[in-house]
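Okay, structure first, notes after.
The values are calculated or read from the model by the stated rules, or taken from the named source; none is laboratory data. What you are looking at is a predicted structure, and each value in this text was computed from that prediction instead of being measured. With ideal geometry, Cβ positions are generated from the backbone for all residues, glycine too; neighbour counts draw on all protein chains shown. In case anyone asks, the SASA skips ligands and DNA or RNA and just uses the protein heavy atoms, side chains included. Shrake-Rupley method; radii C 1.70, N 1.55, O 1.52, S 1.80 Å.
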Amino acid sequence: MVSLLIDGKKVEAEPSQTILQAAQKLGIHIPTLCHDPRLTPSGACRMCVVEVEGARSLVASCATTVSDGMKVSTRSESVTRARKLNLELIWSDHPNDCLTCDKTGECQLQKFMYEYDVKTSRFTEQNPPSAPDDSNPGIYRDMNKCILCGKCVRICDEVQDQHIWAFSNRGMQTSIATAFERPLKDSGCVFCGHCVSVCPVGALMDRPSAKKGRPWETKKVRTVCCYCGVGCSLMLHVKGGEILKVTADTHSPPNYGSLCVKGRYGYEFYKSQDRLTSPLIRDHIDQPFREANWEEAISLVARKLMEIKRKYGPDAFGCLSSSRGTNEENYLAQKFARAVMGTNNMDNCARVCHAPSVTGLRAALGSGAATNSLADIEGAEVLIVSGSNTTEAHPVAALKIKKAVRQNGAKLIVIDPREIELVRHATVWLRLKPGTNVALINGLLHVILKEGLENKEFIRQRTENIDMLRQVVAQYTPEKTEEITGVPKEDIIRAARIYAGTKKGMIVYGLGMTEHKAGSHGVMSLANLALITGNVGRPNTGINPLRGQNNVQGSCDMGALPDVYTCYQKVDDPVINKKFSEAWGCQLPAKPGLKEPQMYREAQADKLKAMYIIGYDPAATQANINEVKSAMKKLDFLVVQELFMTETAKLAHVVLPAGCFFEKDGTFTNAERRVRRLNQAIPLPKGTKHDWEIICLIASTMGYPMHYNHPSEIMDEIARLTPEFAGIDFKRLEGDGLVWPVWDKNHPGTPILHKDTFTRGKGRLNDLLYTPSEELPDDDYPLYLTTGRRLYHYNNGSMSLRNPEIYAISSEEFVEIHPDEAERLGIQTGDTVRVTSRRGSLEVKAEVTTKSRPGSVFLSFHFPETPTNVLTGPGEDLLALTPEYKVCAVKVEKA
Amino acid sequence: MNKKMQKNQESPDIELQKLEDYIDKFHTKFDNSDIIPILQFVQDIYGYLPCDALEFVSKKTHIPLSRIYGISTFYAHFSFVPRGKYTIKVCIGTACHVRGAEKVNAKLEELLNIKNGETTADYKFTLESVGCVGTCALGPIVVVGTSKKSEACCGGPLKSGRNVSLGDKFHGQVTPENIEEIINKYQGETDE
Ligand code: SF4
Ligand code: SF4
Ligand code: SF4
Ligand code: FES
Ligand code: FES
């Protein structure tokens, strides 16, 4: 610590801190134009100059570190003169356009001109005109307004790591440009909008909000992004019931000001012309729908469901809820199935993504949730990223991974068959054959145990079953592992040593682990890695699933699963069952219900007669959708609650129009177990209702009174019934929310699980043999097909494709194919090809790329025109029944 | 947007082998200080900076294309458009102007069948104008550059020809009549 005087006031600061930081400590305001706490100082704008006693000239306070005994003046006459001169110089080359500029009111240049009373510039007679350029999606430019602060260049370099902007030319000609002035779309830009968010003036702005309103006219509403499990905190700018733009608060976790393209520009779908705005009903699915009023629709649903329950029993009904829904809605859905219908046939769309995480992590550690927080990523020394194309699927989490590597020197081990972007940053890349995860991880375990690199103390005190594990992994020598996985044995050994050699090793994984026949096994294997090296229960360690949709964690926590109530309290545990039966005032069924895929099988077998599907589109996103659709068509009655006419809604008898996440109050729980408030920003469109209201209406009409005035009352009920949520209420969630478990009203939450003991007592080392995928390539279908997400889209595309800015960037699918195969098949990028599996076939354009592993092709599932899931296959996770989206066999031909 | 990068996009197919060999001779980890020598090499072998070559450099070195572009535009020395083997610079400084530089330029445009600023189809000549080159007494002046780095000397007034690249030749008291002969001399030279 050194001590210095600023404007006569004494302050202590670290020697590494700048004068600017020290002044901020004192609450002294120094104007800045090129400074941002996230970026390395550049000293470009000279607005922040101060006078330091004894120094020959004024110094830039943002770039000068403090020293002991320094005497600083931030407001001396020469300082003020310099700043005024600076402003005059900037203004001489700036359009005099505040009257019509969208930035007015937020513009830093304008603000300082006001503060320093600079009315015009001596250095010019005529300010240049403004030069608007709205040719790019998302980002509006006006380079005549650029003051060359360089923040956009630096944030794109340092935070987003995309390096799109550069200073071009020199002298008066200097400007900010993409390489060769290419359109952003062709320059590698990922439209994260970071550059827009830091521009102090109106040179970079959000295109969709141009000319729609000034900052003081908008109401700012905080809410949570629903597009992925990062669950970024959003600030919506709303005027007259319309969202004008989305920004992020630099102080709020988990994203601290960062967003990806979906969070930033995915906010226009709600006003799409084809939003459902009236209940639709019909008697048979071959009839057209007709509009009905709510009363008619609700009583029809209630009557039909009661009829089916009476005729076929409660288990003829199944309910599916969605991770797009709030905790409160998921809670009510499972309450509806259990208390009103009397069945545990309850599931949610986590079944098709992270159900194996719940199964696997519960088996190993006792809790089916991420062990650490996302912020921990930045401080890890070694990161294993397995089966997660993080930069596309969880972009803001990827920023943390890149930061750990680029700025903090972490070592990165990437386990992925595809050459994903993170491979560029990897110390070791284990490019395994799809579906061989368990073998590969057994190989790593083998090396660690053989070389004695395990944490013996931790194993003895906190785990069980090490002997069996040793026996099983003994056979997975590096040679054998190479044979199964295709990964060179040297790399296996290297990766094992790196991970075992740190006390801050963190595992992050995605659906590339879970969507396999041995998905749950894969998760348990990763847990084995963490357990034998003792990398659990401390900061910067643990095993952390990145959840797909934002509320995958929450929908499972809320008991929208066939065997548990909230927070994994078992339905067949007599004490628990009694507790819920009493609370809900009815005898609840104790037999665990059907998982989603089992529901379709029962429907095919004519045993399941009715389904209620809330905000989920399995007819597009389940595997082998031809089967799923034919099962749905056999139902006597299908109710779907949706925003748009999805593939599933097209098969319904009743479609009920609901609200989207901008229109909701409630809570979401992100991948790090952070429960956070959604605040309704815009009114529900006329004719629609909240999902939770609809559930209550149906239940009450069926004779089970369900009434809440507000979602907060639902949360109060959840808290009463769930020890981990006991301390949670809406009031406490304001701000940045709470990380469960929150045991009582004073408990601060639990960012790190399993500190001293595991939820299940001892951590279980599961001894697992490698199980090959269900359907492997053969002579007829020689290629692996893997499916996954793309950066620009979300799920079935029903929301993301309806955002004009996003649609302008990405509007169609491409099948990724390796140049070797492409050459053999005579395929070039842009050619239309036919992809066929044993179950179906589709046509799609090809992209020839080395990103694909030789022998594998890749497709996303976002585009209705490319219904990838007609192809996907028969494989299912052995335990959780999650489809094996990552492996099936296909052939590709030129169409 | 700066004029000199407006075209550039459709660069003719280029041979990258030489460039690859050159870059491979460097190290494996590149930083910004490597950019200029590489750009210099690119300009030397192609006569300008072809877009494809810069993309190739970016891919090989992992230096972002935007940064390479930024540096290329910073130095007037680098050019994004293919240039002729000889750059003909017509001085249009005041002294040369009053002595008829305009007519010389017009004659050159006619002879070469290009406009000032353009390059002949056979990539033999690029015609440019330049501010006072400091030898007004002998005006009108035409400078013919044999070097590829021709632009280095036309950024502004030169003092006593000090910065003129090697291979630049000054021609004084040029007239529409004698310019043809001068050009023919270069025209006749065979490629090495
Ligand atoms: S939107 Fe993101 S990637 Fe694109 S230029 Fe701006 S900061 Fe870079
Ligand atoms: S565009 Fe904005 S952020 Fe970028 S340099 Fe110009 S003023 Fe700064
Ligand atoms: S999609 Fe995910 S990473 Fe992108 S803004 Fe939303 S929460 Fe953040
Ligand atoms: S803020 Fe310090 S130089 Fe710009
Ligand atoms: S004006 Fe031509 S040399 Fe000076």
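In this rough spin-label picture, where each label sits 7 Å from Cα along the Cβ direction, the A:TYR708-A:ALA131 distance is 5.5 nm. Share of carbon and sulfur in the accessible area of the protein assembly as shown stands at 51%, probe radius 1.4 Å. Of all lysines in the structure, the ones whose alpha carbon falls short of 24 Å from that of A:LYS119, not counting any fewer than 8 places away in one chain, are A:LYS84, A:LYS103, A:LYS111, A:LYS145.
Here's the picture: a label point sits 7 Å out from the Cα of A:LYS271 along the beta-carbon direction, and within region A:85-115 the residues with their amide nitrogen under 20 Å of it are A:101-104.
Between A:ASP831 and A:GLU291, the contour length at 0.36 nm per residue exceeds the Cα-Cα span by 190.1 nm. Among B:LEU49, A:ALA82, A:SER272, pick out the residue whose Cα is farthest towards the positive end of the charge dipole of the protein assembly as shown, where Lys and Arg carry +1 and Asp and Glu carry -1 on C-beta, about the Cα centre. Final value for the positive-end residue is A:ALA82. Ranking A:CYS48, A:ASN293, A:ALA404 by how far each Cα lies toward the positive end of the dipole of the protein assembly as shown (charges on Cβ) leaves A:CYS48 at the top. Annotation for A:MET172 and B:SER33: the two label points, set 7 Å from Cα along the Cα-Cβ direction, are 3.5 nm apart. Remark: spin-label model distance A:LEU776-A:THR427 equals 3.3 nm, labels positioned 7 Å along the Cα→Cβ axis. Sort region A:356-545 into rounded, prolate or oblate with this rule: let a ≥ b ≥ c be the square roots of the eigenvalues of the Cα gyration tensor; rounded if a/c is under 1.5, and if a/c is not under 1.5, prolate when a/b is larger than b/c, oblate otherwise. Because its axes are fairly even, with a/c under 1.5, region A:356-545 counts as rounded. Evaluating 6.51 cos²θ - 1.76 cosθ + 1.60 at θ = phi - 60° for every residue in region B:91-101, the Karplus couplings come out as 6, 10, x, 4, 4, 5, 4, 5, 8, x, 4 Hz, glycine and proline recorded as x. If a spin label sat at a point 7 angstrom from the Cα of A:ALA375 along the line to its beta carbon, the backbone N atoms of region A:220-248 nearer than 14 Å would be those of A:233. Taking region A:25-42 and a reference point 7 angstrom along Cα→Cβ of A:ASN408, the backbone N atoms nearer than 19 Å belong to A:37-40. Shape class of region A:579-678 from the Cα gyration tensor (axes a ≥ b ≥ c, square roots of the eigenvalues): oblate, since a/c reaches 1.5 or more and a/b does not exceed b/c.
Per-residue 3J(HN,Hα) values for region B:75-80, derived from phi via the Karplus relation 6.51 cos²θ - 1.76 cosθ + 1.60 with θ = phi - 60°, read 8, 4, 3, 8, 10, 9 Hz in sequence order (x marks Gly and Pro). Using only helices, what value at 222 nm comes out for chain A when you add -39,500 (n - 2.57) per DSSP H run of length 4 or more and divide by the total residues, to the nearest 500 deg cm²/dmol? So the helix-based figure for chain A works out to -8000 deg cm²/dmol. Given R0 = 41 Å, the distance between the Cβ atoms of A:LYS185 and B:ASP44 translates into a calculated FRET efficiency of 0.80. Pairing chains A and B buries close to 1400 square angstrom of accessible surface in total, based on protein heavy atoms and a 1.4 angstrom probe.
Coupling constants for region A:863-869 follow from the phi torsions by the Karplus curve (6.51 cos²θ - 1.76 cosθ + 1.60, θ = phi - 60°), and in residue order they are 10, x, 6, 10, x, 3, 6 Hz; glycine and proline get x.
Set against the 2.2 N^0.38 Å expectation for a compact globular protein, chain A has a Cα radius of gyration ratio of 0.98. At a probe radius of 1.4 angstrom, the accessible area of region B:17-74 per residue rounds to 46 square angstrom.
Computed about the Cα centre, the dipole magnitude for the protein assembly as shown is approximately 2240 debye when only Lys and Arg (+1) and Asp and Glu (-1) carry charge, each at its Cβ.
What is the gain in length, in nm to one decimal, between A:ASP573 and A:ARG282 on full extension, counting 0.36 nm per residue of separation less the C-alpha to C-alpha distance?
Details: separation 291, 0.36 × 291 = 104.76 nm, distance 4.09 nm.
Length gained between A:ASP573 and A:ARG282: 100.7 nm.
Report the calculated FRET efficiency for A:LYS480 and A:LYS219 (r = Cβ-Cβ distance, R0 = 51 Å), to the nearest 0.05. Between A:LYS480 and A:LYS219 the formula returns 0.25. Loop-located trypsin sites (Lys or Arg not before Pro) in region A:577-623 (DSSP state not H, G, I, E or B) with no more than 16 neighbouring Cβ atoms inside 10 Å: A:LYS607.
Database remark: amide H of B:ILE88 closer than 5 angstrom to the amide H of B:THR126, B:LEU127, B:GLU128, B:GLY145 (H placed geometrically; neighbours at sequence offset of 5 or more, or on other chains; Pro and chain starts carry no H). Put simply, the amide H of A:ILE6, placed in the peptide plane, has neighbours under 5 Å in A:VAL11, A:VAL72, leaving out anything fewer than 5 places away on its chain.
The accessible-area ordering, largest first, of the residues A:MET70, A:MET47 stands as A:MET70, A:MET47, per a 1.4 angstrom probe.
May I ask you to find the residues of region A:147-165 that are shielded by at least 40 Å² of accessible area once the whole protein assembly is considered instead of their isolated chain (probe 1.4 Å)? Buried on complex formation: A:HIS163. Region B:59-82: which residues show an accessible-area loss of 30 Å² or more, assembly versus chain alone, 1.4 Å probe? Residues passing the criterion (a loss of at least 30 Å², heavy atoms only) are B:PRO64, B:LEU65, B:SER66, B:ARG67, B:TYR69, B:THR73, B:PHE74.
Computed over every Cα-Cα pair of region A:1-59 and binned at 5 Å starting from 0, the pair-distance distribution P(r) comes out as 4, 17, 27, 28, 20, 5, 0 percent.
For region A:692-798, the list of GluC sites (Glu not before Pro) that fall in a loop by DSSP and count at most 12 other C-beta atoms within 10 angstrom reads A:GLU734. When you filter the trypsin sites (Lys or Arg not before Pro) in region B:94-149 for DSSP loop state and at most 14 other Cβ atoms inside 10 Å of their Cβ, you are left with B:LYS115.
Shape class for region A:690-779, computed from the alpha carbon gyration tensor (a ≥ b ≥ c): oblate, with a/c not under 1.5 and a/b at or below b/c. The amide H of A:LEU432, built 1.01 Å from its N in the peptide plane, has A:ASP416 as neighbours under 5 Å, considering only residues 5 or more places off or on other chains. Between A:ARG601 and A:LYS211, the FRET efficiency from the beta-carbon distance, with R0 = 45 Å, is close to 0.25.
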